[in-house]
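Peer 1: This is the structure I have questions about; it appears just below.
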Amino acid sequence: MDLRFTEEENAFRDEVRSFFRTEIPAEIRRKVSEGRRLSREDYVISQRILNARDWAVPHWPLEWGGQPWTPIQRYIFTEELLQAAVPLPLQFNCYMVGPVIAAFGSEEQKKRFLPRIANLDDWWCQGFSEPGAGSDLASLKTRALREGDFYVVDGQKTWTTLGQYADWIFCLVRTDPTVKKQAGISFLLIDMKTPGITVRPIITIDGRHEVNEIFFDNVRVPIENLVGEENKGWDYAKFLLANERTGIARIGLSKERIARIKRLAKEVPVGTGTLWDNRDFRARVASVEIELKALEITQMRVVATQSKTGSSKPDPASSILKIKGSELQQTTTELLLEAAGPYALLTGDQIGAGPNEPPGGFDWVDAAAPTYFNNRKVTIYGGSNEIQRNVIARAILGL
Amino acid sequence: MNFDLTPEQMLLKDSIDRLIASRYSSLEKREAYRKEPLGFSEAIWAQFAELGLLGLPFSEEDGGFGGGPVETMVVMEALGRGLSLEPYLTTVVLGGGFLRHAGSAEQKAAYIPEIVVGNLKLALAQTERQARYDLADIATTAEKTDRGYVIDGQKSLVLAGDSADLFVVSARTSGEQRSQYGVTLFLVDANTPGISRRTYSTQDGGRATEIEFSGTIVSTDAILGPVDGGYPFLEHVIGETIAALSAEAVGAMESLHQLTVEYLKTRKQFGVSIGSFQTLQHRAVDMLMALEQARSMEMYAAMMVGSDNADERRSAISAAKVQINRSARFVGQEAVQLHGGIGMTMEYIGAHYFKRLTMIESLFGDTAHHLHQVARVGGLVAAA
Ligand SMILES: Cc1cc2nc3c(=O)[nH]c(=O)nc-3n(C[C@H](O)[C@H](O)[C@H](O)COP(=O)(O)OP(=O)(O)OC[C@H]3O[C@@H](n4cnc5c(N)ncnc54)[C@H](O)[C@@H]3O)c2cc1C
């Protein structure tokens, strides 16, 4: 047993670390770190810088821009990226639809879409959930009827993250309503400019426009936009969700947030000193760090097993990483809220005109509560933590 | 021992419950009130006056109705259940509290009748940027001159500070910055020259104001309570306010728990209501336990807030706030989780309860602060 990275791995870490911190604009990284809203342009700029270095999609097959990295290198890459507060390459592109097309799409689709996905020339969004189909995704109702060379799509998707920016949406649609629900689902790529698509914003509790409802009314989709085989969409969706769940622990993100909280706590005056002088507060931060360390080692164990067996098949342990990782992300936002103290009450929204001074004299407190509020989502999406526990109970414990 | 409301208190509860249920029957209505010029409904405020709610805690000889902490609790719970935006806490409980405990006969006569009829709103200008939760950390100064007192300094987080007509301002007339001695309270008209305000929306749909006093001149008539001796009043009235806020939190938790249980019964996934999953049943039960623990401490605070034993009173209030905060966090987080995506949206009333509960946690001392207060005096159970 040995915790240390090899010399090569250390060199690799130094290389990616310095790249992230010198090449990605500091302004974008600052926004990520402070939990501010990123513009569409911010995502595009950041991803294109990575892609120019061939690092936007290192986990893809080599011929489509992947890197011949070991699982350990991939792990180092993602952790360093998160710790440098670099935006993750757009999830929907790089971790969802890209790998699905690479694995199940036609040659034609791969050529047409993959390079544009990697470079964020096309922005993709995920059209899985529906009002009646959340945890029970397979009960989805959006229907696609074959008419000649087209599918005609009718129905509604919801919770579509950043759908307002999207050029394309990948959807699970029902192509056969007569069979068992998982067996009648297809995976369809839909151009958002197609007539009949309406996007309605949903404002989340942090006051932002992050998700949408998307309505499909008689939307005609060419049959060449079907991925793989008709009625096999559920298999592709399972492949995608498993990918989504690995690497969702986001330990680097939690570490970055803790580092920032420590810096902020040293600026928050309390009595004759600062919040960081308060032993109770320090103990609470330390106790989160200890859990995070344990999770980091767990994650490394999973990665090491993958290296040894050469298998990149997601193992059920990834559900453990997702549960613990998401809970810890939420706990770090609680510490942030505590650091902001009473000033967390204020939004940056000043009523009436006037000089727009930051509230409370700190330029970060107005983002503390929204960050806490927004992070409640991490235990809900990507398969809620209740569903993950069901998965572990079944797959690991055999219950 | 008796935890029942008297028949009069039951009547009060019925009438305020009815008013809130009709006025705050939907999120749309609340949003409409929030967008009114003052950030709440002046029509509802007038109804509060008609019902006698604005005069509730004042003695009959001062023009009020002689209610006590339990009456305040009944009202605040109802306001919490409806997620009311009206500045009852700041005007009646906080501002009114200072007048009741520290006001001179002239001050009471001048202001209380105006509060009772709904013409006068108060706010407390106390917190400062560096103070966090330390009530004695006051850098704002009031200097005595031949024209009265000149106030200089900045106050933060003045709840409902933009709609207030009259501020209770704490300022230092002597002593070191964090000394309890040397704090004097003043009643300051909001239109006095030398006051500038910047108001922000708060995370829970309310408003709070940052106030700057620069060379603000007030007469000696404005002094509220003894010169240099304002701190005990600050502490006492904020204690009463914490008791009232606890009741608001319990009302909000009650509504949110109810919403969650209803949602578990109606939301279907996998062909069944999600409330049939045992793991979710247990979570809803844990929420109920947190709510009941909070309710007990809400009552404890209401019964202890009038105690003459200041040490006992302080510990009780801090203990209540710790429990309220913990329950509020647990109930709020669990409610969002059990709702899934819908719990994350501004379109859903449940999310607004969650936000209000989160903010209640940080008002007048967070969990860490009050836990420290209880621990510092050796806890609630005497050592063997
Ligand atoms: C901010 C945000 C962004 C999102 N982005 C996208 C997106 O881009 N694209 C997309 O397709 N979807 C997206 N989602 C949807 C997300 O995947 C769903 O919210 C999630 O699957 C849960 O579904 P639901 O919201 O309908 O909750 P429900 O499934 O109704 O669940 C409600 C509660 O019941 C619990 N529950 C359900 N079934 C069980 C069970 N069998 N056992 C125990 N407990 C159970 C859940 O865990 C939850 O606590 C997003 C969601 C959020 C909040």
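Please treat every number below as a calculation from the coordinates, not as lab data. These numbers come from a predicted model, not from an experiment. Here Cβ is always computed from backbone atoms with ideal geometry, including for glycine, and neighbour counts include all displayed protein chains.
Peer 1: At 222 nm, what value in deg cm²/dmol follows for chain B if DSSP H runs of at least 4 each add -39500 (n - 2.57) and the sum is divided by all its residues, to the nearest 500?
Peer 2: Helix-only estimate at 222 nm: -16000 deg cm²/dmol.
Peer 1: Could you bin all the Cα-Cα distances of the range A:7-89 into 5 Å bins starting at 0 and give me the percent of pairs in each, rounded to whole numbers?
Peer 2: Calculated over all Cα pairs of the range A:7-89, the distribution is 3, 15, 26, 25, 17, 9, 4, 0 percent.
Peer 1: Okay, next question. Counting other beta carbons within 10 Å of each residue's own, what order do A:Glu8, A:Glu213, B:Glu42 fall into, fewest first?
Peer 2: With the fewest neighbours first, A:Glu8, A:Glu213, B:Glu42 line up as A:Glu8, B:Glu42, A:Glu213.
Peer 1: Then there is this: How do A:Leu38, A:Leu336 rank when sorted from fewest to most other Cβ atoms within 10 Å of their own Cβ?
Peer 2: The most exposed by this proxy come first: A:Leu38, A:Leu336.
Peer 1: Here's a follow-up. So how strong a dipole does the protein assembly as shown carry about its Cα centre when Lys and Arg Cβ are +1 and Asp and Glu Cβ are -1, to the nearest 20 debye?
Peer 2: Charge dipole of the protein assembly as shown: 2380 debye, to the nearest 20.
Peer 1: Additional query: Dipole size in debye (nearest 20) for the range B:116-189 around its Cα centre, Lys and Arg Cβ +1, Asp and Glu Cβ -1?
Peer 2: 100
Peer 1: Go through B:Asn119, B:Gly64, B:Ser25 and say which Cα lies farthest out towards the positive end of the charge dipole of the range B:7-120; charges sit on Cβ, +1 for Lys and Arg, -1 for Asp and Glu.
Peer 2: B:Ser25
Peer 1: Add +1 for every Lys or Arg and -1 for every Asp or Glu among the other residues with Cβ under 13 Å from the Cβ of B:Ile324, and state the total.
Peer 2: It works out to a net charge of -2.
Peer 1: State to the nearest 20 debye the size of the charge dipole of the range A:124-232 about its Cα centre, where the only charges are +1 on K and R beta carbons and -1 on D and E beta carbons.
Peer 2: Its charge dipole is roughly 220 debye.
Peer 1: Next question, about the same structure. Can you classify the range B:7-120 as rounded, prolate or oblate using the Cα gyration tensor, where a ≥ b ≥ c are the square roots of its eigenvalues, rounded means a/c under 1.5, and otherwise it's prolate if a/b beats b/c and oblate if not?
Peer 2: In terms of gyration-tensor shape, oblate.
Peer 1: Label A:Asn218 and A:Glu327 with points 7 Å out from Cα along Cα→Cβ: what is the distance between them in nm?
Peer 2: 5.1
Peer 1: What is the helix-to-structure angle for A:71-83, meaning the angle in degrees between its Cα long axis and the longest Cα principal axis of chain A, kept from 0 to 90 and rounded to the nearest 10?
Peer 2: 60
Peer 1: To check you understand DSSP bridge types, tell me what percent of the beta bridges within the protein assembly as shown (both residues inside) are antiparallel, rounded to 5.
Peer 2: 85
Peer 1: Using DSSP, restrict attention to beta bridges with both residues in chain A and report what percent are antiparallel, rounded to the nearest 5.
Peer 2: Looking only at bridges with both residues in chain A, the antiparallel portion is about 85 percent.
Peer 1: Same structure, new question: Which three extents, in angstrom, do the Cα atoms of the range B:123-229 have along their principal axes, listed largest first?
Peer 2: 41, 28, 21 Å, listed from the longest principal axis down.
Peer 1: I would also like to ask the following. Around B:Glu361, what is the net charge, scoring Lys/Arg as +1 and Asp/Glu as -1 over all other residues with Cβ under 13 Å from its Cβ?
Peer 2: Here the count lands on 0.
Peer 1: How much of the pair distance distribution for chain A lies past 33 Å, counting alpha-carbon pairs only, in percent?
Peer 2: 36
Peer 1: Take A:Thr22 and A:Asn10, extend 7 Å from each Cα along the Cα→Cβ direction, and tell me the distance between the two endpoints in nm.
Peer 2: 2.0
Peer 1: Compute the distance in nm between two label points, each set 7 Å from the Cα along the Cα-to-Cβ direction, one at B:Glu60 and one at A:Thr309.
Peer 2: The answer from the label model is 8.1 nm.
Peer 1: When the helices in chain A are scored as -39500 (n - 2.57) per DSSP H run of 4 or longer and the sum is shared across all residues, what 222 nm value do you end up with, to the nearest 500 deg cm²/dmol?
Peer 2: -14000 deg cm²/dmol
Peer 1: Averaged across orientations, what area in nm² does the convex hull of the alpha carbons in the range B:257-384 project?
Peer 2: Seen from a random direction, the Cα hull of the range B:257-384 projects 9.5 nm² on average.
Peer 1: Then there is this: Whole number please: convex hull volume per residue of the Cα set in the range A:249-395, in Å³?
Peer 2: Cα-based convex hull of the range A:249-395, divided per residue, equals 136 Å³.
Peer 1: Calculate log10 I(q)/I(0) of the protein assembly as shown for q = 0.05 Å⁻¹, where I(q) comes from the Debye formula with a single equal point scatterer on each Cα and nothing for solvent.
Peer 2: -0.30
Peer 1: Would the range A:124-232 count as rounded, prolate or oblate if I go by the C-alpha gyration tensor, calling it rounded below 1.5 in a/c and otherwise prolate when a/b exceeds b/c, oblate otherwise?
Peer 2: It comes out oblate by the Cα gyration axes.
Peer 1: While we're looking at this one, here's another question. Treating the angle as unsigned and between 0 and 90°, give the value, to the nearest 10°, between the Cα long axis of helix A:385-395 and the longest Cα principal axis of chain A.
Peer 2: Rounded to the nearest ten degrees, it is 70.
Peer 1: If a paramagnetic tag sat 7 Å from the Cα of A:Ala52 along the Cα-Cβ line, which residues of the range A:12-32 would have the backbone N under 11 Å from that point?
Peer 2: Output list for this probe position: A:23-25.
Peer 1: As an exercise, use a Förster radius of 41 Å and the Cβ-Cβ distance of B:Ser22 and B:Gln278 to find the FRET efficiency, rounded to the nearest 0.05.
Peer 2: For B:Ser22 and B:Gln278, the calculated efficiency is 0.65.
Peer 1: Here is a further query. Taking neighbour counts of Cβ atoms within 10 Å as a proxy for exposure, in what order, fewest first, do B:Met297, B:Met289, B:Met253 appear?
Peer 2: Listing B:Met297, B:Met289, B:Met253 from fewest to most nearby Cβ atoms yields B:Met289, B:Met297, B:Met253.
Peer 1: Identify the residues of the range B:155-180 with backbone N under 15 Å of a label point that sits 7 angstrom from the Cα of B:Lys144 along the Cα-to-Cβ direction, or state none.
Peer 2: Only B:172-175 fall inside the zone, counting backbone N under 15 Å.
Peer 1: How would the range A:114-161 be classified by its alpha-carbon gyration tensor: rounded, prolate or oblate, with rounded meaning a/c under 1.5 and the a/b versus b/c comparison settling the rest?
Peer 2: Cα axes put the range A:114-161 in the oblate bin.
Peer 1: Say a paramagnetic label sat at a point 7 Å from the Cα of B:Asn119, along Cα to Cβ; which residues of the range B:49-81 have their backbone N under 16 Å from it?
Peer 2: Residues B:49-50, B:54-55, B:63-64 fall inside that zone.
Peer 1: Another question about this same structure. Multiply the residue separation of A:Glu229 and A:Glu291 by 0.36 nm, subtract the distance between their alpha-carbon atoms, and state the gained length in nm to one decimal.
Peer 2: Working it through step by step, the gained length comes to 17.9 nm.
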